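Asks: Shown below is the structure under consideration.
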Amino acid sequence: MDFSIASILLLDGVTNGAIYALLGLATVLVFTVTRVIFIPQGEFAAYGALTLAILQTGKIPGTVWLLLILAVLAALMDGAAEWQRHRQAASALKAALKTLAIPAVVAGLTAWAAPLQMPLLVQALLSVCVVTAFGPLVYRVAFQSLADATPLVLLIVSVGVHFAMTGLGLLFFGAEGFRNPAFSDASVSLGDLAITGQAIIIIATSGALIVLLWLFFERSLYGKALRATAVNRLGARLMGISSQSAGQLTFAMAALIGALSGLLIGPTTTVFYDSGFLIGLKGFVAAVVAGLSSYPGALLGALFVGIVEAFASFWASAFKEVIVFTLILPVLLWRSLQGGHSDEDH
Amino acid sequence: MKLNKTILAAALSLLASGAALADITIGVSLPLTGPASGLGIPVNQQMKLWPASIGGEKIKLVILDDATDPTNGVKNAKRFVTEEKADIIIGSVATPVAMTIADVAAESKTVQLSLSPIPLAPGKDGWSFRMPQSNAVMAHAMLTLMKKQGVKTVGFLGYNDVYGESWLKDFSAEAAKSGIKIVGTERFARSDTSVTGQVLKLTAAKPDAMLIVASGSGAAMPHMAVVERGYKGKIYQTHAAASRDLMRVGGKAVEGAYVVSGPAVIAEQLPDSHPSKKIAIDFVQKYEAAYGPGSRNQFAGHGYDAELVLEKIVPVALKKAKPGTPEFRAALRDAMENIGRTVVAHGVLNWTKDDHWGYTNETGVMLKVVNGDWKVE
């Protein structure tokens, strides 16, 4: 191990760590607002990368149909809930249409654009839209009616959602993997260290997203409402913040972050229908390092996981995953010994 | 309901003629649904092309879906041996399912033609015979080319699962015989986002050639990482990577790669000297005539070969006993173990009492990726 190898490994670790950081942040976000430990976070990443890959071949991705089916399901649930409350067909219909509108537009647009072989960036944008639209629908169908259940029940539902999404992924994308074209072919050489354009894009995008998230929570009204819900659900509801729309907004953001990270890793590795799980799990380890409550903590945790992974794959590649996931034990031990729950813990 | 009808029909035909008793019953368990359905469906399609009789005796194929589930595999196999009185069991294509069927086959003393390379220890596989080639046979073909190219040292980059492990074991054993040294052994998982660390370590050892053990599109990522790192030696891939997915995902980076393959799917390109050429072409032509150009695949090939094997062993066993009896099943096994050199679409078989893997070293073919297509080396 000399300096050049160490620096290559470090760069590799930071690049992967940047992806884990995004997924870790999304996990923390979802948990603090809705108390859901969202296992399928990585699936959004795989869906994002694979939707783009299918769009590249000029076909309509299966996720478009899934989006429509989920939207109809959610619309029926919303319509039925509205009907039970008011017994008015008109208002029930209105509620259903409101849920259906955005996913239907996104699905229609994607289905229309798919055979046209649009430029890469347009297709990437469409993929992000499709996957982001999944977020609120997944929350509506799987979690909303259980909003007051214990975290354990929510975790079990979340595992179920994970299996459903992996299975549907196999159905839509097939068992073989895809690799997306790179967004940039540029490459900068620093001595032995060749930094690819893709690595720069990954690190820069992750950095920008983290800053945007920070601005969103610190400066915007929606962000403050989400934080309020995270701190105290009942209090937030008394202040007129709808916990349902907070949940849907959170899931939309989680899906958006997932889709973006999927697009970022797509060109650097082969993405399979089930690739998302392991990537998401490493994001989850990063989130656990941060006690599922601190954003900067999750960021540091993710970089730590990424770098440990890179060096473990050099020294003991057969035990790489073992090393990465065993890391969680001393961290949990340290956190529980440290005791003292912060205000935002549940 | 359907089951009742089958039983009724079977009962009626039994009453109708004594000859029906002598039909050869073949129980087939295939994953027609579930994760391995992509492997099972082609075999089923190939079996639709089977003749109605083998060795002058009518055959009765009972094809059941095991849904890639070992529990269903056991259920199917038990039904074959108890209700159907099967003379032979074929299946499954999925390894875990085939493993459980092997137990039932051994218990009931029925020959199993496994369409998956099940890793059973010698002695445990008394009634099971494998249709796919062993890794050792494939490693032999690969090492022959390596020797010819003057390769002395090899870096190993493989899956951290059964496939990677068994390749490492078989390849090391064969390599030691040829005086080729393995200078680095690194592992990765199909879902890994990067293999930079492993590749750095391997390239530092400066091997003459790199062996990547991965399957399908998963074989492209490590290959690209090795090329990206500026490795100039030869890169070898195993038969699980011998599909067009390697080029689809790998593009230019996999150009010049050496890939070992069974002969069946590259029938037309085989050198005339390869013993399987004629039979492989026959398989490919018949299959593609029925299911369209380009539909050929390895698994349908195993279905085709299973029939060739039956054509050879059934007449031998028929001389000794009548179908439907334990004596007939034992005679089938004896015939299998003394089958002699048999050329099939997937290579050259020669099962013996001690070797139920059976393929000879004439089997493997080395391919090179040239301009995004296969070229026989």
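The values are calculated or read from the model by the stated rules, or taken from the named source; none is laboratory data. Not measured: the values here are computed from a predicted model. Every residue, glycine as well, gets a Cβ built from its backbone with ideal geometry; the counts of neighbours run over all protein chains shown. These area figures cover heavy atoms from the full protein model, side chains too; ligands, DNA and RNA do not enter into them. Shrake-Rupley method; radii C 1.70, N 1.55, O 1.52, S 1.80 Å.
Asks: Positive end of the dipole of the stretch B:293-377, charges at C-beta (+1 Lys, Arg; -1 Asp, Glu), about the Cα centre: which of B:N297, B:N361, B:V309 has its Cα farthest in that direction?
Replies: After comparing all options, I get B:V309.
Asks: If you don't mind, there's one more thing I want to ask. Helix A:89-113 versus the longest principal axis of chain A: what angle, 0 to 90°, nearest 10, using Cα atoms?
Replies: 40 degrees
Asks: Considering only DSSP beta bridges whose two residues both sit in chain B, what percent are antiparallel, to the nearest 5?
Replies: 30 percent
Asks: Same structure, new question: Which pairs in the list B:K78/B:K277; B:K169/B:K278; B:K58/B:K78; A:K282/B:K252 are over 29 Å apart, alpha-carbon to alpha-carbon?
Replies: In this structure, B:K78/B:K277; B:K169/B:K278; A:K282/B:K252 lie more than 29 Å apart at Cα.
Asks: Relative contact order for chain B using alpha-carbon pairs under 8 Å, separation at least 6, rounded to a whole percent?
Replies: It comes to 17 percent, rounded to a whole number.
Asks: Would you mind giving the mean number of other chain beta-carbons within 10 Å of the Cβ of each residue in B:197-204, as a whole number?
Replies: 6
Asks: Please determine, in degrees from 0 to 90 and to the nearest 10, the orientation of helix A:120-138 with respect to the longest principal axis defined by the Cα atoms of chain A, where the helix direction is its Cα long axis.
Replies: In chain A, helix A:120-138 runs at an angle near 50 degrees to the longest axis.
Asks: Shifting gears a bit: How big, on average over all directions, is the shadow cast by the Cα convex hull of the stretch A:121-273, in nm²?
Replies: The Cα convex hull of the stretch A:121-273, projected and averaged over all directions, gives 11.7 nm².
Asks: Based on the Cα atoms of the protein assembly as shown, what semi-axes does the equivalent ellipsoid have, where each is the square root of 5 times one gyration tensor eigenvalue, given in whole Å with the largest first?
Replies: So the three semi-axes of the protein assembly as shown are 50, 34, 22 Å.
Asks: Within 10 Å of each Cβ in peptide B:36-44, how many partner chain Cβ atoms are there on average? Round it to a whole number, please.
Replies: Neighbouring Cβ atoms belonging to other protein chains average 1 per residue here.
Asks: For the stretch A:1-103, which trypsin sites (Lys or Arg not before Pro) are in a loop by DSSP, counting at most 14 other Cβ atoms within 10 Å?
Replies: A:K59, A:R87
Asks: Need one value: the accessible area of B:R229 in square angstrom, 1.4 angstrom probe, rounded to the nearest 10.
Replies: 90 Å²
Asks: Under the definition of partner shielding as Cβ atoms of other protein chains within 10 Å of a residue Cβ, what is the mean value for peptide A:259-270?
Replies: Mean shielding by partner chains, rounded to a whole number: 3.
Asks: I would also like to ask the following. A:W214 versus B:T82, label points 7 Å from Cα toward the beta carbon: distance in nm?
Replies: 6.8 nm
Asks: While we're looking at this one, here's another question. To the nearest 10 degrees, how steeply does helix B:70-82 sit against the main Cα axis of chain B, on a 0 to 90 scale?
Replies: 30 degrees
Asks: No solvent, one uniform scatterer per C-alpha: report log10 I(q)/I(0) for chain A via the Debye equation at q = 0.07, 0.10, 0.15 1/Å, two decimals.
Replies: Cα-only, vacuum Debye calculation for chain A: -0.30, -0.61, -1.33.
Asks: Calculate the FRET efficiency for A:L152 and B:L49 from the Cβ-Cβ distance with a Förster distance of 56 Å, rounded to the nearest 0.05.
Replies: Taking R0 as 56 Å, the efficiency between A:L152 and B:L49 is 0.55.
Asks: State, to one decimal in nm, how far the label point of A:S7 lies from the label point of A:A204, with both points 7 Å from Cα in the Cβ direction.
Replies: 2.1 nm
Asks: Right, here's the next one. Suppose R0 equals 51 Å. What FRET efficiency, 1/(1 + (r/R0)^6) with r the Cβ-Cβ distance, do A:V159 and B:A121 give to the nearest 0.05?
Replies: Efficiency, rounded to the nearest 0.05: 0.90.
Asks: Using packing as a proxy for protection, rank A:11-18, B:179-186, B:309-316 so that the peptide with the highest average count of other Cβ atoms within 10 Å comes first.
Replies: A:11-18, B:309-316, B:179-186
Asks: Here is a follow-up. Largest first, what is the accessible-area ranking of A:L337, A:L22, A:L212, B:L64 with a 1.4 Å probe?
Replies: Correct descending sequence by accessible area is A:L337, A:L212, B:L64, A:L22.
Asks: Return a whole-number percent for the relative contact order of the stretch B:173-328, with Cα pairs under 8 Å and 6 or more residues apart as the contact set.
Replies: Value for the stretch B:173-328: 13 percent.
Asks: Also: If you take the accessible area of B alone plus A alone and subtract the pair, what total do you get in square angstrom, rounded to 100, with a 1.4 Å probe?
Replies: Counting protein atoms only, the buried area is about 2300 Å².
Asks: Round to the nearest 0.05 the FRET efficiency obtained for B:R229 and A:K59 when R0 = 45 Å and r is the Cβ-Cβ distance.
Replies: 0.85
Asks: Putting +1 on Lys and Arg Cβ atoms and -1 on Asp and Glu Cβ atoms, find which of A:A186, A:I37, A:M239 reaches farthest to the positive end of the dipole of chain A.
Replies: Of the candidates, A:M239 comes out farthest on the positive side.
Asks: Counting only Cα atoms, I'd like the Rg/Rh figure for chain B, Kirkwood definition for Rh.
Replies: Computed over Cα atoms, the ratio is 1.01.
Asks: Counting only DSSP beta bridges with both residues in the protein assembly as shown, tell me the antiparallel percent, nearest 5.
Replies: Taking every DSSP beta bridge within the protein assembly as shown, about 35 percent pair in antiparallel fashion.
Asks: A follow-up question, please. Round to a whole angstrom and tell me the spacing of the C-alpha centers of the stretch B:335-359 and the stretch B:211-247.
Replies: So the two Cα centres are separated by 31 Å.
Asks: Once you put a point 7 Å from the Cα of A:S187 and another 7 Å from the Cα of B:R244, both along the Cβ direction, what distance in nm separates them?
Replies: Roughly 2.9 nm, to one decimal.
Asks: Starting with the highest mean, order A:46-56, B:94-104 by the number of other Cβ atoms within 10 Å, averaged over the residues of each peptide.
Replies: The most tightly packed comes first, giving A:46-56, B:94-104.
Asks: At a 1.4 Å probe, what is the % contribution of carbon and sulfur to the accessible area of the protein assembly as shown?
Replies: With neighbouring chains kept in place, the figure for the protein assembly as shown is 64 percent.
Asks: I want to verify the translational diffusion coefficient of the stretch A:90-134 in µm²/s; compute it with Stokes-Einstein, Rh as the Kirkwood radius over Cα pairs, at 4 °C and 1.567 mPa s.
Replies: 112 µm²/s
Asks: Continuing with this model, one more query. Report, ordered by chain and residue number, the aspartates and glutamates lying within cross-link reach of B:K201, taken as a straight Cα distance under 16 Å and ignoring same-chain residues fewer than 8 apart.
Replies: Partners within reach: A:D2, A:D12, A:D192, A:E309, B:E186, B:E228.
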